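Enquirer: Here's a structure for you.
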Amino acid sequence: MDAILKFPDIDGSMLGQAGGKAANLGVLTRAGLPVPPGFCVTTEAYRAITAGLGDVTDPAVARKHILDATIPAALARAVVEALPGGPVAVRSSATAEDLPYASFAGQQDTFLNVVGPEAVLDAVRRCWASLWTDRAVAYRESNGIDHRTVSLAVVVQRMVESRTAGVMFTANPVTGRRRQAVIDAAPGLGESVVSGAVNPDHFVVDPDSGRVLERRPGDKLLAVRPLPGGGVVHERAAASGEPCLTDGELRELAALGARVEELYGAPQDLEWAFDQAGELWLTQARPITTLFPVPGGHRGEGLRAYFCFSVAQGVFRPFTPMGLAAARAVSAGVSGLFGFPVAAPLAGAPAFAAAGGRLFIDVTGVLRSRVGRAVVPRVFDVMEARSARVLRGLFDDPRLSVTRRSVWPFARRVAAITLRHGVPVTFVRALADPAGAERRVRRQADAHLARLAPPTGASLTERVDHVARALIGQVVPIAPRAFPVAAAAVPMLLLAARLLKGRVAPGELQTVLRGAPRNVTTEMDLALWALAQRLRRDPAVAARFLSEPPALLAREPLPAPVRDFLDEYGHRAVAEIDLGLPRWSEDPTHVIGMLANYLRLEDPALAPDVLFARGAAEAEAMVEELAGRVGGLRGRVVRFALGRARELVGVRELPKFLIVRIFAALRAQLLDVGRELAGRGLLDAPGDVFFLTLAEAKSGRDLRGRVAERRERHERELRRRHVPRVLLSDGTEPEAVASGGAAEGALTGSPASPGQVTGVARVVLDPVGAHLEPGEILVCPSTDPGWTPLFLTAGGLVMEMGGSNSHGAVVAREYGIPAVVGVPHAVERIRTGQTVTVDGTAGTVA
């Protein structure tokens, strides 16, 4: 392997030799782009210098070893002979750098305006050592990269004495908008802009038309300039409102960015410079790693709008590949329910899309429909209020104007569905006999479950096909039989609100919904609390649950009461709508952790069953008070309507509960498929089947390499902290565009559960293993049933997503804890240990 490689000799396949930066500069040079000439000291030299380190991972020890090392004479001679004339820039180029999923920008060192051979060799040595700075080590650890697998090359490049320099993104890094050049520029070397030492001029340019869409002058109070003998100086300058780039230069920059993006096929982060003669140079390019990927496969031309179903369900983590495959199959069943059969069901419904491992739904048709605009945002108001606001914000976009104005096609289709599935009868039966309606839904779900067993003696292919048919045909029919039961609560609440008009205060109707019966999630949580009390009566067992790690206990034989609980609720899980994730019956670690939390609760007044009973009593008292305010016949109607609303509202959790039972049964069948594939040597472990699709699971091919690749991609996506609620096909995140007008420091959302509480905040991103002290305020992105055991000890709830009828809001009301949902960036703006006041009536967090 050569120790020195010139840029024209480097291509994109040479990451292991040249590192990310040099590999990109080689690609750009070979493409004929204006890159200053230079060369790379390959990773072979770094490995030779660090050979004596062995397995040392201490950053200080590694840095000292490298800085004290002597560069071999042959290598030093090769570096000096390859130097271009004049000053050079010496930059680190790590093998884990400028990658599609992690840029590592600024993690290793750069030395500018290096003059003379000895100074160049010293800068090379310092670049090697910078691989072991504390910040570089921490960055690798946060991205899950093993220190021992990383090497460093060094780029030596002719220095551009720039008149103006800076950075350019070929997509807007704030809004996500693709095909938009965002440029920051300042006089002198680009280091002032890259390091954040100057307030630069800011421009946004349309590369297709060359039009400058936005210009915001900076004060440019500092410039970095080269010194004649080497090194740089930071010069103070007078504030200037004059832009440092002309419109012609902006167009030239935007055109260069478009060429680089076309070369790589993805948005890029570029560093550039105009020299003293006005010539444009490209000094660096790397992928923009923070953009959320755009859902692919949208049909037709024009702008599309996508709603993130994952976020609406409280699942911010990526789905497993099998979870996505299952969701596609279910979406085909949903499409068929609405009268639009899908030709290739395993590919999913036309409106189904996926990006970054998350589920998206194409809602372009909703936005272009008069009925869609009237109905869907109102539904979201009580499910996911932030998404409702974002969708309404798109109403004025001329690219999404209404094209379907008639209500009749929609009305006829809804009427046909409701009649076909007996929705009106279910609705009336639910109002007449809520308990009987719930029993009927459960019986129907049991009948579906009975049909899930695969045929006796079925082959592997037949078993996978059986799972696919069940996902398409057995899951969706539960919805039109179960949802009308819960939906019957809505007209009852509306009727009561109308009869009480002018006589009901904010939050009082929500109080009526506290401690509601027939909620399977509440029943599960209270059963878990009762289980903890049984364990408490055996001091030895309780001591084990309090002292041993949950993960360790999960591998040991469990007490009989715990096994009984898992027999009833073991089909549940955190992020349970992903069929690829283990159920509690497979891995009870989370359940054990929740039991330990409950065992730490000593105050009888804070016992969950006491709080639930108190909430129910307050609700019944509120029903009587509201009925008494109007009296007579109207009062009796109010009492009946609110009573029925209480009886029915809890049933909203039942459809998902039943669907997840089906998912658990089908997951067990796929695990059997995984065992057979592992037995044949086609997978390493049975659970690897969940990193395949349904079609791949029956292919008969060795899929171990594909599984490994997908696991790595899945692990990277697990580290993504932000998932857009709504995303446009040009990459724009509408909520990011609109967020600029938000009041500084404002923490407002949707009121979800009335009352006010002040307490210590605890930010929880994942409920597995989370510990919440009694009375603490739970601050989280969202929730699903896997989170709700935490509610039993929480004093209040703050969620980034949700509406007044979202899962977390309903459970918070039932436990009587104040809650505010749909609070933008709550987990970033609230810190664990901070004292906050949650006002669940006003919808504020202070």
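The values are calculated or read from the model by the stated rules, or taken from the named source; none is laboratory data. This structure is a prediction, so every number in the text was calculated from the model and none was measured. Ideal geometry is used to build each Cβ from the backbone, glycine not excepted, and the neighbour counts take in all protein chains shown.
Enquirer: I'd like to check something: does the range 763-785 contain any residue that is part of a strand (DSSP E or B), within 30 Å of W584 (Cα to Cα) and either aromatic (F, W, Y) or touching a Pro at 6+ places or on another chain (Cβ under 6 Å) (or both)?
Expert: Within the range 763-785, not a single residue is part of a strand (DSSP E or B), within 30 Å of W584 (Cα to Cα) and either aromatic (F, W, Y) or touching a Pro at 6+ places or on another chain (Cβ under 6 Å) (or both).
Enquirer: Given the criterion buried (at least 19 other Cβ atoms within 10 Å of the Cβ), touching a residue at least 40 places away in the same chain (Cβ under 8 Å), under 22 Å from the mean Cα position of the chain (by Cα) and at positive phi, identify the matching residue among G357, G323, G348.
Expert: Going through G357, G323, G348 in turn, the sole match is G357.
Enquirer: Please verify whether the range 298-314 includes one or more residues that are at pLDDT below 90, in contact with a Gly (Cβ under 8 Å, 6 or more places away or on another chain) and surrounded by fewer than 22 Cβ atoms within 10 Å (Cβ to Cβ).
Expert: No, the conditions are met nowhere in the range 298-314.
Enquirer: Just checking, how many residues over the range 334-345 are crowded, with 17+ Cβ neighbours inside 10 Å and either among the aromatic types (F, W, Y) or within 15 Å of P477 (Cα to Cα) (or both)?
Expert: Here the count works out to 2.
Enquirer: May I pose another question? So if I check each of V768, V760, V689, which one is in the same structural domain as V836 (by TED's automatic domain parsing) and modelled with pLDDT of 95 or more?
Expert: V760
Enquirer: Same structure again: State yes or no: is A482 more than 30 Å from R328 (Cβ to Cβ), surrounded by 20 or more Cβ atoms within 10 Å (Cβ to Cβ) and not assigned by TED's automatic domain parsing to the domain that holds A607?
Expert: Here the answer is no, as A482 does not meet what is asked.
Enquirer: Testing A665 on (1) buried (at least 20 other Cβ atoms within 10 Å of the Cβ); (2) closer than 30 Å to E523 by Cα; (3) not charged (D, E, K, R), one condition comes back false. Which one is that?
Expert: With respect to (1) buried (at least 20 other Cβ atoms within 10 Å of the Cβ); (2) closer than 30 Å to E523 by Cα; (3) not charged (D, E, K, R), A665 is out only on (1).
Enquirer: Name the residue, out of L772, L778, that is closer than 20 Å to A575 by Cβ and in contact (Cβ under 8 Å) with a residue 24 or more places away in the chain.
Expert: L772
Enquirer: Look at the range 673-692 and say how many of its residues are surrounded by fewer than 21 Cβ atoms within 10 Å (Cβ to Cβ), out of contact with any Asp or Glu (no Cβ under 8 Å at 6 or more places or on another chain) and not in a helix (DSSP H, G or I).
Expert: Total meeting the criteria: 3.
Enquirer: Answer with yes or no whether R680 is among the basic types (K, R) and under 27 Å from L765 (Cβ atoms).
Expert: The answer is no for R680.
Enquirer: Given the structure, is E696 out of contact with any strand residue (DSSP E or B) (no Cβ under 7 Å at 6 or more places or on another chain) and surrounded by fewer than 17 Cβ atoms within 10 Å (Cβ to Cβ)?
Expert: Criteria not met by E696.
Enquirer: Looking only at the range 499-550, which residues are of a type outside the set (A, V, I, L, M, F, W, C), within 21 Å of G615 (Cβ to Cβ) and in contact with a helix residue (DSSP H, G or I) (Cβ under 7 Å, 6 or more places away or on another chain)?
Expert: E508, Q510, T511, R514, G515, P517, R518, N519, T521, T522, D525 - these are the residues of the range 499-550 that are of a type outside the set (A, V, I, L, M, F, W, C), within 21 Å of G615 (Cβ to Cβ) and in contact with a helix residue (DSSP H, G or I) (Cβ under 7 Å, 6 or more places away or on another chain).
Enquirer: Answer yes or no: is there a residue in the range 665-673 that is in contact with a helix residue (DSSP H, G or I) (Cβ under 6 Å, 6 or more places away or on another chain) and farther than 23 Å from A573 by Cα.
Expert: no
Enquirer: Mind checking which residues of the range 720-730 are assigned to a loop (DSSP other than H, G, I, E, B) and closer than 17 Å to V311 by Cβ?
Expert: R720, R721, H722, V723, P724, R725
Enquirer: Pull up the range 753-769, narrow it to residues that are among the β-branched types (V, I, T) and either without any contact (Cβ under 8 Å) to a residue 12 or more places away in the chain or under 23 Å from G615 (Cβ atoms) (or both), then point me to the one that is surrounded by the most Cβ atoms within 10 Å (Cβ to Cβ).
Expert: V764
Enquirer: Being in the same structural domain as R211 (by TED's automatic domain parsing), buried (at least 20 other Cβ atoms within 10 Å of the Cβ) and closer than 20 Å to P200 by Cα is the requirement here; does L221 meet it?
Expert: no
Enquirer: Restricting to the range 24-64, what's the tally of residues that are buried (at least 23 other Cβ atoms within 10 Å of the Cβ) and either in contact with a Ser or Thr (Cβ under 8 Å, 6 or more places away or on another chain) or among the charged types (D, E, K, R) (or both)?
Expert: Summing the residues that are buried (at least 23 other Cβ atoms within 10 Å of the Cβ) and either in contact with a Ser or Thr (Cβ under 8 Å, 6 or more places away or on another chain) or among the charged types (D, E, K, R) (or both) in the range 24-64 gives 4.
Enquirer: Consider A819 against the criteria (1) small (G, A, S); (2) in contact with a helix residue (DSSP H, G or I) (Cβ under 7 Å, 6 or more places away or on another chain); (3) modelled with pLDDT under 85: it satisfies all of them except one. Which criterion is unmet?
Expert: Of the numbered conditions (1) small (G, A, S); (2) in contact with a helix residue (DSSP H, G or I) (Cβ under 7 Å, 6 or more places away or on another chain); (3) modelled with pLDDT under 85, the odd one out for A819 is (3).
Enquirer: Follow-up question, since we're still on this one. Does the range 475-519 hold any residues that are within 29 Å of the chain's Cα centre (by Cα) and more than 19 Å from S753 (Cβ to Cβ), and which are they?
Expert: Result: V475, V476, I478, A479, F483.
Enquirer: I need the full set of residues from the range 199-256 which are among the small types (G, A, S), more than 22 Å from F169 (Cα to Cα) and out of contact with any Phe, Trp or Tyr (no Cβ under 9 Å at 6 or more places or on another chain), in order please.
Expert: Listed by number, the residues that qualify are G229, G230, A237, A238, A239, S240, G241.
Enquirer: Examine the range 229-238 for a residue that is surrounded by 15 or more Cβ atoms within 10 Å (Cβ to Cβ) and charged (D, E, K, R), and state whether such a residue exists.
Expert: No: the range 229-238 contains no residue that is surrounded by 15 or more Cβ atoms within 10 Å (Cβ to Cβ) and charged (D, E, K, R).
Enquirer: In the same structural domain as L400 (by TED's automatic domain parsing), out of contact with any helix residue (DSSP H, G or I) (no Cβ under 8 Å at 6 or more places or on another chain), assigned to a helix (DSSP H, G or I) and within 30 Å of R386 (Cβ to Cβ) - does that describe any residue in the range 705-713?
Expert: There is at least one residue in the range 705-713 that is in the same structural domain as L400 (by TED's automatic domain parsing), out of contact with any helix residue (DSSP H, G or I) (no Cβ under 8 Å at 6 or more places or on another chain), assigned to a helix (DSSP H, G or I) and within 30 Å of R386 (Cβ to Cβ).
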